Amino acid sequence: MREGLPSPEGAKRFLENAWFEVEGVRLPRVLLGTSPFIGAGQFGSRSYAYWAAFYNRPERVAEVIVAAVELGVRGVQPLPYPFLAEAVRRAQALTGQELVLAATIGPEDPLADLAVFDGLDVRAALLHGALTDRAEGSQLAAIMDEVRDRGLLAGLVSHRPMRLLRRLSSGELPRPDLLLLPFNAMGYLMDAPAPELARAIRSLGVPVVGKKVLAAGRLRPEEAFRFALDFRVLEGVAVGVVSRAEAEETFTSLAEVALELGWPGED
């Protein structure tokens, strides 16, 4: 074991116990992302291989979720695909561990998408970036009100994080409970440098979960997490992996860096 790396038990203990609270709702700080399982385009040449391996194959997705759960991950950030919800159900049955979901919904019919996750512990519904980035404030407000009426946190995702933060700060858009924003050392899928985004996040004061922290696999986990977490503006991270080995490297590195930096710090 590399010097300074927490023991497997220590890393698991950190992941199991890393939670934050928004409006009285507890969420895991570490979420398993699901973009690889749909072969999302940001993975470039790997996208087709991921799609062929996982798309509409809940048993294969469940294997990866189980690996993450066994390492201590207690949350999933699923996209609104029935096979992903089924994979979560299978993983729960295999591990005996109920998982917390911060689910993306939309862009076409976000409220109908909630039915995909029936019977699962969804605590936050995050409006897809393709909807957030083009919708008027009144449209977003109506959807967010419906989400809250169902007892869930209402969040926004963006593919243009600085533009979204400015729209929120100006009052053009309704204030969400939570944001899911790209934040990484490469500036990948970001419309402003990380220090500028960090200042805007601090100024707005809405809890942010970082996505694309590994720049879709373009950054090594240790360096990526050290960069992102050291800004102290992320309440959590959503990270996708595609194998047990990748899960072990990624989540152990995350625990190592978080413990070294004292992230998240005092609540």
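The values are calculated or read from the model by the stated rules, or taken from the named source; none is laboratory data. Nothing here was measured: the structure is a model prediction, and the numbers come from that model. Reconstructed Cβ throughout: ideal geometry from the backbone, glycine too, with neighbour counts over all protein chains shown. These area figures cover heavy atoms from the full protein model, side chains too; ligands, DNA and RNA do not enter into them. Shrake-Rupley method; radii C 1.70, N 1.55, O 1.52, S 1.80 Å.
Laid out as a table, the results:
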read-out: Neighbour cut-off at most 11 other Cβ (10 Å), DSSP loop, GluC sites (Glu not before Pro), region 48-110; value: Glu98, Glu108
read-out: Among Ala141, Val88, Gly10 - extreme Cα towards positive end, dipole of region 1-151, charges at beta-carbon; value: Gly10
read-out: Option label - P(r) over Cα pairs in 10 Å bins from 0, in percent computed here, alternatives [x] 7, 28, 28, 18, 12, 5, 1, 0; [y] 8, 35, 40, 16, 1; [z] 7, 32, 39, 20, 2, 0; value: [z]
read-out: Area accessible to solvent at Asp109, 1.4 Å probe radius, in Å²; value: 90 Å²
read-out: Theoretical gain in end-to-end length, Ala49 to Glu23 [0.36 nm per residue, Cα-Cα removed]; value: 5.4 nm
read-out: Extended-chain gain in nm, criterion 0.36 nm per residue less alpha-carbon gap, Leu259 and Glu98; value: 55.4 nm
